[in-house]
Amino acid sequence: TSQSAPLVAALAALILSVNSCLQSQDVEYIIKSTTDAIPDAGSYPGLYGTGRINAFKACSLAQIYGNIVPITENTTWTDYHYVNNELVILS
């Protein structure tokens with residue numbers, strides 16, 4: 001833990017340098033959702049959290065997190081979209 005804390009703090013700083021509009025819970029979600037699985041984590045339940053941090057995946061997600069292009073016509077999303085603000089759907 002003494003080695004991982006500065007690495008996670010550095011990743012949080014990288015994420016905020018890419019998208020300074022993020023809240024702390026957004027940064028936490030991005031870090032946890034972009035980790036790489038550890039192959040033998042099953043042998044040590046509860047000791048690895050969500051996996052090994054991946055700075056490239058985390059910063060890539062931070063760049064697009066919360067940015068939705070205005071919808072002006074019928075649109076179907078086929079992948080995940082993260083909305084950092086209000087999303088209003090008019091009928």
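The values are calculated or read from the model by the stated rules, or taken from the named source; none is laboratory data. Just so we're clear, the structure is a prediction, and the values are computed from it rather than from any experiment. For neighbour counting, all protein chains shown are included, and Cβ atoms are generated from backbone atoms with ideal geometry for every residue, glycine included. When the accessible area is computed, the model is the full protein with side chains, heavy atoms only, and any ligands, DNA or RNA have been set aside. Shrake-Rupley method; radii C 1.70, N 1.55, O 1.52, S 1.80 Å.
Take the residues of the range 34-50 that are touching a residue at least 12 places away in the same chain (Cβ under 8 Å) and surrounded by 15 or more Cβ atoms within 10 Å (Cβ to Cβ): which is farthest from the chain's Cα centre (by Cα)?
Going residue by residue through the range 34-50, those that are touching a residue at least 12 places away in the same chain (Cβ under 8 Å) are 34-38, 49-50.
Of the ones still in play, those that are also surrounded by 15 or more Cβ atoms within 10 Å (Cβ to Cβ) are 34-35, 38.
Values: Thr34: 6, Thr35: 9, Ile38: 18 Å.
Looking at residues that are touching a residue at least 12 places away in the same chain (Cβ under 8 Å) and surrounded by 15 or more Cβ atoms within 10 Å (Cβ to Cβ), I get Ile38.
Please state which one of Ser91, Ser20 is part of a loop (DSSP other than H, G, I, E, B), surrounded by fewer than 13 Cβ atoms within 10 Å (Cβ to Cβ), hydroxyl-bearing (Ser, Thr, Tyr) and modelled with pLDDT of 80 or more.
Ser20
Is it fair to say Ile30 is surrounded by 14 or more Cβ atoms within 10 Å (Cβ to Cβ) and either in contact with a helix residue (DSSP H, G or I) (Cβ under 6 Å, 6 or more places away or on another chain) or within 13 Å of Val8 (Cβ to Cβ) (or both)?
So Ile30 passes the test.
Search the range 55-76 for residues being open to solvent by less than 100 Å² (accessible area, probe 1.4 Å) and more than 21 Å from Cys21 (Cα to Cα), and hand back the single one that is modelled with the lowest pLDDT.
Within the range 55-76, the match that is modelled with the lowest pLDDT is Ile71.
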